[in-house]
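A quick write-up on the structure given underneath.
Derivation of every value follows stated rules applied to the coordinates shown; laboratory data play no part. Remember, predicted model here, so these are calculated numbers, not experimental data. Note that we place each Cβ from the backbone using ideal geometry, even for glycine, and neighbour counts take in every protein chain shown.
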């Protein structure tokens, strides 16, 4: 079939952005509007904002190892406009990734010599990495903007360095971006380090004298930024000693390799280490090739921007290794770290093309992406990986949504049926969660509001659902009851609440459980259901005879509906 040239050109031009489009569709399908982890610390900012006492010092306040002043400004401003609907911050994370992609595309335009189709293939590979679904923790957690701010600043600096601006303007703009990077994330200082060699290379032939004194000022600015960052800094109690890696060098190196190889590790430790070894070897080979041909200024000009991107990921890996290698939990290839490590892989895609093409040119062969073994290897590996990445990511995103909806149900029920499992999902301190959940509710920033009663008749009923409670059974330690439920024939309920009724038609909640999701069967038209189990003791009930009923809870509406079935329990003897 012959495709008209205009359509063909449009496909070639826009198809590289298909990974971004896929992610834009998937994020709204899985996001959940509930604070996670450090986001609960941000509640304090909105409390002060409502009281008119929000200060620069509070925005600058240390969170773990982070001084995320600029993201905090964005979070508070956007939160004020949206009543802190965290889904808007997730959109902002996606927008940041889009801006990074555009910077990468601009750098590719300036450094890649290829046909329109070949360029589109390389850009598609880069976007498969930048918008990889394996970063699901970052796409579905609002605060993760802090992970993307530094690389956004780094790639913006690279693009600015290749413009026709004057030397002073380039240094000034890049210094401002480096300052923003520093006070956005714990690895933000890396921007200062990797951008300076790029500026010196691009500006040295034009104005050597200016480069010397501007570089001196740059070094002073690094020291001042670091001093400001460390002012009043306190090492988080839970972090290991920075010297742990020196005492255990092999353990640190393995951690480092796992971090570097995370984008191709599929959350497997050994595979991540192998991938990290290969990627580090490839990047080292590119650096050696450049040193070997260091007199070729045109080759340096084409490679240096990608080397800056690669060194950003490597230096971040070193910093993370120093700060995390001693922890008893948390491997280096956790999905959230991919927001840092994927950019080495992005750099390798284009470095493989540039080095392979330069080798072709030096050997006198015709230049072609399809005859470039280095670039083809990178492309084939990425294509072969995609089915495994997608299968893993879809499964994990679905599990992430289920887990967060259940956590949101626990938050809404926190005053009536507090659940310690929240300390494993949302924040390690239940007392703090209770305090901040009530603060959010009072500020009108929690949707829906906290459940303020145990009398389930007062909660109203959600839309249609189905489910059953089986008869209560006696156990060695008390009682157990099981069942299944579905909300609106679409998904399991986010919690199942047990209630007792003493005979006055007033069911009172006394226990809560969380369904285990059973997948849907498309072929048989079966919707996903939740199988649940609740254990309880006689001490949780009144002394009089009671009727036990089960109720499905929807965390998106704060409503319940009763499941079929009930059981009688006689009074205590």
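Worth a mention:
- Subset of the range 424-447 (residues that are in contact (Cβ under 8 Å) with a residue 40 or more places away in the chain, touching a helix residue (DSSP H, G or I) at 6+ places or on another chain (Cβ under 7 Å) and assigned to a loop (DSSP other than H, G, I, E, B)): 426, 427, 445
- The range 448-462, residues that are free of Cβ contacts under 8 Å to residues at least 40 places away in the same chain and either in contact with a strand residue (DSSP E or B) (Cβ under 6 Å, 6 or more places away or on another chain) or surrounded by fewer than 16 Cβ atoms within 10 Å (Cβ to Cβ) (or both): 452, 453, 458
- In the set (1) closer than 24 Å to residue 411 by Cα; (2) surrounded by 17 or more Cβ atoms within 10 Å (Cβ to Cβ), the condition left unmet by residue 85 is number (2).
So that you can scan it fast, the table gives a plain yes or no per residue for (1) closer than 22 Å to residue 492 by Cα; (2) surrounded by 14 or more Cβ atoms within 10 Å (Cβ to Cβ):
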{"site": "362", "(1), (2)": "no, no"}
{"site": "381", "(1), (2)": "no, yes"}
{"site": "392", "(1), (2)": "yes, yes"}
{"site": "399", "(1), (2)": "yes, no"}
{"site": "402", "(1), (2)": "yes, yes"}
{"site": "411", "(1), (2)": "yes, yes"}
{"site": "434", "(1), (2)": "no, yes"}
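- The residues in the range 189-222 that are within 28 Å of residue 146 (Cα to Cα) and touching a residue at least 60 places away in the same chain (Cβ under 8 Å) can be counted, and the count is 7.
- Count of residues meeting criterion [out of contact with any helix residue (DSSP H, G or I) (no Cβ under 6 Å at 6 or more places or on another chain), surrounded by 19 or more Cβ atoms within 10 Å (Cβ to Cβ) and over 30 Å from residue 122 (Cα atoms)] in the range 9-41: 2
- Listed conditions (1) touching a strand residue (DSSP E or B) at 6+ places or on another chain (Cβ under 6 Å); (2) surrounded by fewer than 17 Cβ atoms within 10 Å (Cβ to Cβ) are all met by residue 415, apart from (1).
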